[in-house]
Amino acid sequence: IPVPTFDYVVFGATGDLTKRKLIPALYHRFLDGQFDDECRIIGVSRSKLSDADFQAAARDAVIQFVEKDYQDEKVIDRFVKIFSYVAVDVSKPEEAGDLGKKLREDPKVVRAFYLAVAPDLFEPIAEYLAKKKYYRRDARVVIEKPLGHDLLSSMEINDGVAKIFKEDQVYRIDHYLGKETVQNLLALRFANTLFEPIWNSAHIDHVQLTVAESVGAGTRGYYDESGALRDMIQNHMLQLLCLVAMEPPASDDANALRDEKLKVLRALKPIVNGDVAKNTVRGQYKGVKSETTAVAGYQDELPEDKKGSRTETFVALKAEVENWRWAGVPFYFRTGKRMANRVSEICIQFKPIPHSMFDHAEGAPKANKLIIRLQPDEGVKLMMMIKDPGPGGMRLREVPLNLSFAQTFSERTPEAYERLLLDVIRGSQTLFMRRDELEEAWTWVDPIREAWDRSSEPPQSYVAGTWGPSGAIALIERDGRTWYEDD
Ligand code: BG6
């Protein structure tokens, strides 16, 4: 369904995010006919570029970051024509180009400002927009992490934006919410009758959330200030937890859904004091060298002045959601860089059968597991017990009931930004974080971070290309459980 005509103003137009994510995502939507040549993408940054320069940069971004199969010369020619550019330095408004000339006053044209810039510029940009009268009550503003490094700094950022924009105009991106498979969690839970009755502590033993990356962190400049807790747990993984653990929202209205997510965050048991050492593990990868491979350690990748950094590149932790549905069900989180594989998945481990009748069978019944694979090889797998075929008596075997998206659907899976960028135009905030959610997530994460900062213990080291430090294995094995690994 095509979206209304828009003027999308992208601040930070010459940056990496615009080039790698925003332009390719918009191209795909244009290619699919979801918006037409009437729409405008107006790049803004401090550099003095012409419209033609920016159109050339947009073309380069498509050529470099869109899969070759989808590059259509004619479509690219039309696509770049909707790009134009204005040089603005908000600290020198007197020298700024005239953004006003490019914006259409027609109230039917949706006006959106994407701030692909550092958060300390959000407030000055918002004020600039208001001063120049580019702000409209129905305009939208899109912002993205890092939205602070703790609760206070995140509140400051939100306050800065809120000086001008009301909450219903603010679209805070967590790109995980734009992933197809993450949205599929909603369909799985709430478009089927099968799971919801057993989605609770009476039937579920525990839940595991894994987001493992095989890439390293060292070349990403910001990472050392952030670390895995802020970079992945505070946002993406807590959002995943919310979708797994929330009560069924009454509708797909943005606030109906976000109210339920917020309740999960509020029900998280704080991990404080002695529990931090008990229930969390942080790690940092070290390099490996063999005859065939050499992978640098985190420390090796850091510039001289950062050497000795104790930033964690891995976190495992055990969380609890203290409410009726989840009492006593641990949620184990695990995320890291330079791990054995790139895999993001959620494993719902059901309880064992209450009684086994199979006294004389070969193989004991194993408890069911539901594995939701977010990436790569997206799919849903239910591990269940069957009788091994054959005349030789009862032999029990665990097999997967397997739904692979690649095998089932031939369509290309859209990237998260494709969905999110156009949801802004549609005016749908369902897949965006509300301010209170963000702040609640910081409230839970901050004491963990503070306890780590106070501790004299450095992060445990783990060898690049493994599943993390031994402490992560101990964290779950102590409870008589193991991390799920696909064989
Ligand atoms: C980003 C983090 O938000 O998510 C990165 O800052 C991380 O460190 C990335 O690599 C992971 O996203 P994806 O979509 O590749 O799982």
From the phi angles alone, apply the Karplus equation (6.51, -1.76, 1.60; θ = phi - 60°) to segment 132-144 and give each ³J(HN,Hα) in whole Hz, x where the residue is Gly or Pro. 7, 6, 8, 5, 10, 4, 9, 6, 10, 10, 10, 10, 8
Considering only C-alpha atoms, what is the centroid distance from segment 4-38 to segment 313-387, in Å? 38
Considering only protein heavy atoms, what per residue accessible area in square angstrom results for segment 1-55 with a 1.4 angstrom probe? 43
Name all residues of segment 100-134 having a backbone nitrogen under 20 Å from the label point set 7 Å from the Cα of Lys163 along its Cα→Cβ direction, giving them as ranges. 113-134
Exposed-loop cut sites defined as GluC sites (Glu not before Pro) in DSSP loop states with at most 10 other Cβ within 10 angstrom; longest site-free run of the chain spans 106-290
Which whole-number value in Å² is the accessible area per residue of segment 233-301, probe 1.4 Å? 44
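Keeping every protein chain in place, order Asp231, Asp72 by accessible area at 1.4 Å, biggest value first, i.e. largest first.
Highest to lowest solvent-accessible surface, that is Asp72, Asp231.
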Taking all protein chains as present, what is the carbon and sulfur share of the accessible area of segment 290-422, in % to the nearest whole number, probe 1.4 Å? 54
HN-Hα J couplings of segment 226-236 from phi, Karplus 6.51/-1.76/1.60, θ = phi - 60°, integer Hz, Gly and Pro as x? 9, x, 5, 5, 6, 6, 10, 6, 4, 10, 4
With charges only on Cβ, +1 for K and R and -1 for D and E, what is the dipole size of the chain about its Cα centre, in debye, rounded to 20? 140
Alpha carbon centre of segment 183-217 versus segment 79-127: separation in Å? 40
Restricted to pairs 8 or more residues apart or on different chains, the lysines in segment 1-152 with C-alpha atoms under 14 Å apart form a number of pairs equal to 8
A 1.4 Å probe over the protein heavy atoms gives segment 1-135 a carbon and sulfur accessible-area percentage of 51
When the Cα atoms of the chain are enclosed in a convex hull and the volume is divided per residue, what value in Å³ results? 185
Heavy atoms of the protein only, probe of 1.4 Å, neighbouring chains included. What is the accessible area of Asp436 in Å², nearest 10? 50
What relative contact order, as a whole-number percentage, does the chain give when Cα pairs under 8 Å and 6 or more residues apart are counted? 17
Restricting segment 367-471 to chymotrypsin sites (Phe, Trp or Tyr not before Pro) in coil, as DSSP defines it, with at most 12 other Cβ within 10 Å: Phe409
Taking only protein heavy atoms and a 1.4 Å probe, what accessible area per residue, in Å², does segment 305-394 have with all protein chains in place? 48
Any residue on another chain or 5+ positions along whose placed amide H is under 5 Å from the amide H of Tyr332 is listed here as Val207, Gln208, Leu209, Ala319
With a 1.4 Å probe and every protein chain left in place, tell me how much accessible area Thr413 has, in Å² to the nearest 10. 80
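Compute, for segment 36-160, the length of the dipole vector about the Cα centre, with Cβ point charges of +1 (Lys, Arg) and -1 (Asp, Glu) only. Units Debye, rounded to 20.
With only Lys, Arg, Asp and Glu charged at Cβ, the dipole is about 460 debye.
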Kindly provide the trypsin sites (Lys or Arg not before Pro) of segment 291-322 that DSSP labels as loop, not H, G, I, E or B, and whose Cβ sees at most 16 other Cβ atoms within 10 Å. Lys307, Arg310
Could you go through segment 380-395 in sequence order and give the Karplus-derived ³J(HN,Hα) for each residue, using 6.51 cos²θ - 1.76 cosθ + 1.60 with θ = phi - 60°, rounded to whole Hz, and x for Gly and Pro? 10, 9, 10, 7, 9, 9, 9, 7, 5, x, x, x, x, x, 7, 10
Positive-pole candidate from Leu152, Pro93, Pro197, dipole of segment 76-201, charges at beta carbon: Pro93
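Take the solvent-accessible surface of the protein heavy atoms, probe 1.4 Å, and return the percent of it on segment 139-271 that carbon and sulfur atoms account for.
Details: 2620 of 4780 Å².
Reported share for carbon and sulfur atoms: 55 percent.
Per 0.36 nm of contour for each residue apart, how much would the distance between Gln299 and Ala250 grow if the chain were fully extended, relative to their Cα-Cα spacing?
Computed gain between Gln299 and Ala250 is 12.8 nm.
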If I stretch the segment between Glu322 and Lys307 completely, what's the gain in nm (0.36 nm per residue apart, minus their alpha carbon distance), one decimal? 1.4 nm
Amide H proximity to Val110 below 5 Å, modelled H, separation 5+ or other chain, gives Thr5, Phe6, Asp7
Per the helix-only calculation at 222 nm, which mean residue ellipticity applies to the chain, given -39500 (n - 2.57) for every DSSP H run of n ≥ 4 and division by its residues, nearest 500 deg cm²/dmol? -9000 deg cm²/dmol
His203 accessible area, nearest 10 Å², 1.4 Å probe? 80
Note the angle between two axes, namely the Cα long axis of helix 51-65 and the longest principal axis of the Cα atoms of the chain, as a number of degrees from 0 to 90, rounded to the nearest 10. 20
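Given 0.36 nm per residue, what is the gain on full extension from Asp275 to Lys387 after removing their alpha carbon distance, in nm?
That pair, Asp275 and Lys387, stretches by 36.0 nm at full extension.
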What angle do you read, to the nearest 10 degrees and between 0 and 90, between the alpha-carbon axis of helix 151-162 and the longest principal axis of the chain? 40
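The values are calculated or read from the model by the stated rules, or taken from the named source; none is laboratory data. Bear in mind that the values here come from a model prediction, so they are computed numbers and not experimental data. Positions of Cβ are backbone-derived with ideal geometry, glycine not excepted, and every protein chain shown enters the neighbour counts. Please note that ligands, DNA and RNA were not included when accessible areas were found on the heavy atoms of the full protein model with its side chains. Shrake-Rupley method; radii C 1.70, N 1.55, O 1.52, S 1.80 Å.
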